[in-house]
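Presented below is the structure to which this report refers.
What follows draws every value from the coordinates through simple rules; no lab data is involved. Owing to the predicted nature of the structure, the values given are computational and were not obtained by experimental measurement. Neighbour counts run over all protein chains shown; Cβ positions are idealised from the backbone, glycine included.
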Amino acid sequence: MDPKSAAPDDLLDRPARELAARVRRGELRSRAPVEAALARIDALDAGVRAIVTLDPKRARETSDRIDELVARGVDPGPLAGLPITIKDMHDTAGLRTTHGLPWSMRHVPAMDSTAVARLRAAGAVILGKTTLPFAGYDWQTRQPRVGVTRHPRDPSRTCGGSSGGAAVALALRFAVLELGADLAGSIRVPSAFCGVFGLKTSEGLVSLAGHGPSISRGVLEHMVVIGPMGRCADDLALALEVLVPGSVGATLAPRIPRRIAWSDELCGVRADATTRRALEACVARIAASGCAVERAIPPGCDGDRPLRLWGAVDGFEFAQCWPWPLCTWPLRQLFRCGPAALAIGRSAFSAALARGMASTRRAHARALLEREDFARAMDEWLARYDAFLAPCAATPAFTHRRFATPIEVDGARVPYSLAMSAFCVPMNAGGGPALAMPIATSDGGLPIGIQCCGPRGADRALLGFGAWLEQELQRRSNTHT
């Protein structure tokens, strides 16, 4: 066998930068990782349903063109030959894009989204699209006409959402990189549940053009961001440099922290004992390196203010996206009667969302001003630290359940929407970056992840901290082994 075509068992376990470099140097044919990924999808996806649309023919054609460029001495780009998948909320030219809507199962965009176009131009090979919940609104991944996407380690549990298929694809080595999006934890929750890395970028850093249905009357323009997902911090740095040239630089240097803050409680919700122990052990490891650690909660995050701001802003914008006449003011008033609470569980979060759906443009404008005050206070507080550490959710991956079914947190029944929104929504309301990364495994074998947060614009510094923490945790693991 030609060594350039060989696909050893651990090929897809290699860091993205290393794989792409080997392809660019001609040491590895692009078809090798692509075929390895397609083989894993063929063998494993039926049990998890992470892929909603597969495009093997074009993936193979693309990888062959990359090999031809390398043979001619032309650099295909920094992502050369990397098999990737794309969350099905992003437009992909000539490839079905459903946006999580059952009536869009035949929708094929003519153009790539801006983010997808940049990944493709950098040499990435798009294998297909990954699953998401209806319209991308849930922390589980269940889609009509597609089914339930299951956890990669325990099929009885959720993989998270809305970038659930993306996280499963990475965890099972269907892809080397993924393109996700985050409005209320949609990158961070599935990353934490499935044991992969994901970056909620600073708001406005990555273009939203081509993200979401183009047929909508309105648009979500605040708090939603696009971000990369991968299996290490450097994977995310490589992808982010393609998405936003100049954002990271040629390499990612680990950034040794001097001071961090952490909390296992936000918006009045405390994480369960399993998550708390993992976070405390992680913080102890950081402190042992000489870093000053401080237990603290960001300003305004000890109550429901972030949830109210999120609901006021996003609820109104979401309602504007509905088809006429549902988006008209009289019909939107029906949401004050509680459909949102019935769907996702009664809580401060669902109440705020319902009020936002029924509100006016003037109320939306006031909410945006209050939200900016909140974000500035968050920036000032977060700038005092190298990172703020917190859980991504109240528990590790939970068993599949109906939308409004409460989640058990140390024996207490917490409303579904509150248990899932309390930890992630404050960072969306603040607008800054948040890096989700695995730190431990539960006694039952489930990944436990945290989010490392920073002020707006601190994406590069946060990735550097994540790279350092990743090394420290790996060093500790190797020592115990």
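See the values below:
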| read-out | value |
| --- | --- |
| Residue count, the range 97-140 (criterion: surrounded by fewer than 18 Cβ atoms within 10 Å (Cβ to Cβ) and charged (D, E, K, R)) | 1 |
| All positions within the range 382-414 that are in contact with a Pro (Cβ under 9 Å, 6 or more places away or on another chain), surrounded by 14 or more Cβ atoms within 10 Å (Cβ to Cβ) and not in a loop (DSSP other than H, G, I, E, B) | LEU382, ALA387, PHE388, ALA390, ILE407, VAL414 |
| Wholly within the range 48-159, strands (runs of 3 or more DSSP E) carrying at least 2 residues that are farther than 19 Å from VAL242 by Cα | 51-54, 125-130 |
| From ARG413, ARG376, ARG384, residue being in contact with a strand residue (DSSP E or B) (Cβ under 8 Å, 6 or more places away or on another chain), of a type outside the set (Gly, Ala, Ser) and without any contact (Cβ under 8 Å) to a residue 12 or more places away in the chain | ARG413 |
| All positions within the range 381-407 that are over 18 Å from TRP262 (Cβ atoms) and charged (D, E, K, R) | ARG401, ARG402 |
| Entirely in the range 214-300, the strands (runs of 3 or more DSSP E) that have 2 or more residues that are buried (at least 20 other Cβ atoms within 10 Å of the Cβ) | 225-230, 259-262 |
| Check on ALA20, in a helix (DSSP H, G or I) and under 18 Å from VAL116 (Cα atoms) | yes |
